[in-house]
Amino acid sequence: MVTRYYERMAFDERAFFNEKSETRQGRYQCPKCRRSNDYPIRWVRRSKKDRLPPGADERDRARFAKLRDYLLRLDDEVTCRTCGKKFEIPSQQSMVFTDQFAGLPNDEELEREIAAAAGEDETEE
């Protein structure tokens with residue numbers, strides 16, 4: 001039995017995904033001073049390409065059909081804006097599929113729901 005070279009190769013994501021860097025805000029609490037702040041967190045968005053790479057075989061077609069867009073977090077630590085100490089981002093999730101965002105409320109909708117539940121008028125600010 002002959003083993004082909006490409007069968008031994010590791011999965012090359014660059015052939016199946018487009019990469020784009022982005023920064024998203026995250027709210028974290030410093031474990032030392034207990035203050036919450038918003039921090040810019042670096043992510044890489046990997047979007048599935050619209051077609052298979054040239055020379056793809058049946059295994060590549062099956063793999064390509066199962067792929068989903070996702071975000072990969074690059075930052076593991078942030079520096080507290082209040083006390084200046086570095087702390088680890090407490091989230092266990094460093095990868096998020098982008099289809100998990102569908103149906104989640106955005107920050108503005110969430111603030112309106114909280115204000116409505118608290119009986120506050122939106123015009124007060």
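Within the range 82-101, track down each residue that is modelled with pLDDT of 90 or more and out of contact with any strand residue (DSSP E or B) (no Cβ under 6 Å at 6 or more places or on another chain).
82, 83, 84, 85, 87
For the range 24-41, which positions are assigned to a loop (DSSP other than H, G, I, E, B) and in contact with a strand residue (DSSP E or B) (Cβ under 8 Å, 6 or more places away or on another chain)?
Listed by number, the residues that qualify are 30, 31, 32, 35.
Going through the range 20-42 one residue at a time, which ones are of a type in the set (Val, Ile, Thr) and either over 15 Å from the mean Cα position of the chain (by Cα) or over 15 Å from residue 91 (Cβ atoms) (or both)?
23
What number of residues in the range 41-90 are open to solvent by less than 80 Å² (accessible area, probe 1.4 Å), basic (Lys, Arg) and within 16 Å of residue 22 (Cβ to Cβ)?
The total comes to 3.
The values are calculated or read from the model by the stated rules, or taken from the named source; none is laboratory data. What you are looking at is a predicted structure, and each value in this text was computed from that prediction instead of being measured. Cβ coordinates were reconstructed from backbone atoms using ideal geometry, including for glycine residues, and neighbour counts include every protein chain displayed. Just so you know, the surface numbers come from the protein's heavy atoms only, side chains and all, with ligands and any DNA or RNA stripped out. Shrake-Rupley method; radii C 1.70, N 1.55, O 1.52, S 1.80 Å.
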